[in-house]
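Notes to accompany the following structure.
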Amino acid sequence: MKLPVTRSIWTVLLMLPLFTLVLPGCFPVVATGMVAGAMSISDRRTTGAQAEDQAIELKAASRLRDRFSSDKAISTSVVSFNRTALITGFAPDAATKLEIGEIVAKVENVRQVVNEIQLSGPAGTVTYTQDVYLTTRVKLTLLDHRSINANSIKVVTESSTVYLMGLVTEKEANEVASLTSRVPGVRRVVRAFEIISEGQRKAIDRAVEAGSPPPETRGQNPKP
């Protein structure tokens, strides 16, 4: 049985990244990525999927670093959830954005790529810090609603745009997106969820609550 985690403990965990400054141009670890990857309790993914997601992120980081390490106009972050790779960051032109997406798509076990690279120069440290703060605010907002399993939602923020990932039902997706959109400072919400049925959700949550491995689940493609 999993012990309950109080909101105060989550607050401390979520605020930790605010004490770390990350400079633009890094591959691919930016502040938002650290917050997004910080939570794994009550994860609806199988342990195999979690391990593969970690490997995808590391391999994508390595390949992008090898290809673009000398180009200061590019800053990227790759977050993988259930083998769907979300790419955020900045690139100077559409051709570079396309190339970044192709590199990530070729990483082993990547099932789908959501390429959200922005065509502009890299953001500054102030923007990164604001994004960490927004991610924290969104997480705490979700934790305040008992109807939502906030631990199963991955939150990534880039330039005040919040990306939401997770294995969720249509009802959960709508509720989470609505709550996120009302957080002060959030400019846009992008839903990169995988939609599962209510029956799938119950089966997964029962397994997680019992401390058993959740069943392997493939939801519908991420919905914007």
If K2 satisfies all but one of (1) open to solvent by 20 Å² or more (accessible area, probe 1.4 Å); (2) at pLDDT 50 or above; (3) closer than 21 Å to D205 by Cβ, what's the number of the condition it fails?
(2)
Residue pairs within 7 Å by beta carbon, gap of at least six or interchain, first lying in segment 57-75 and under 20 Å from E108 (Cα atoms) and of a type in the set (F, W, Y), second modelled with pLDDT under 95 and assigned to a helix (DSSP H, G or I), listed first then second, are none
Scanning segment 149-171 for residues that are of a type in the set (S, T, N, Q) and under 11 Å from the mean Cα position of the chain (by Cα), which turns out surrounded by the fewest Cβ atoms within 10 Å (Cβ to Cβ)?
S152
Suppose the filter is touching a helix residue (DSSP H, G or I) at 6+ places or on another chain (Cβ under 7 Å), touching a residue at least 40 places away in the same chain (Cβ under 8 Å) and farther than 24 Å from R111 by Cβ; does V186 pass it?
yes
What about L86, is it surrounded by 21 or more Cβ atoms within 10 Å (Cβ to Cβ) and either of a type outside the set (V, I, T) or part of a helix (DSSP H, G or I) (or both)?
yes
Given the conditions (1) free of Cβ contacts under 8 Å to residues at least 24 places away in the same chain; (2) open to solvent by less than 10 Å² (accessible area, probe 1.4 Å), which single one is not true for N174?
(2)
I'd like to check which helices (runs of 4 or more DSSP H) are fully inside segment 124-209 and have at least 2 residues that are within 19 Å of V114 (Cα to Cα) and among the β-branched types (V, I, T).
none
The correct count of residues that are out of contact with any strand residue (DSSP E or B) (no Cβ under 7 Å at 6 or more places or on another chain), closer than 23 Å to R182 by Cα and of a type outside the set (A, V, I, L, M, F, W, C) in segment 105-145 is 10
Matching residues, segment 177-204, being open to solvent by 20 Å² or more (accessible area, probe 1.4 Å) and among the small types (G, A, S)
S178, S181, G185, S197, G199, A203
Can you pull out every residue in segment 41-83 that is part of a loop (DSSP other than H, G, I, E, B), open to solvent by 50 Å² or more (accessible area, probe 1.4 Å) and touching a helix residue (DSSP H, G or I) at 6+ places or on another chain (Cβ under 7 Å)?
I41
Please indicate, with yes or no, whether at least one residue in segment 128-140 is over 20 Å from E52 (Cβ atoms), in contact (Cβ under 8 Å) with a residue 60 or more places away in the chain and basic (K, R).
yes
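The values are calculated or read from the model by the stated rules, or taken from the named source; none is laboratory data. Owing to the predicted nature of the structure, the values given are computational and were not obtained by experimental measurement. Cβ coordinates were reconstructed from backbone atoms using ideal geometry, including for glycine residues, and neighbour counts include every protein chain displayed. Just the protein is used for accessible areas: all its heavy atoms, side chains included, with ligands, DNA and RNA removed. Shrake-Rupley method; radii C 1.70, N 1.55, O 1.52, S 1.80 Å.
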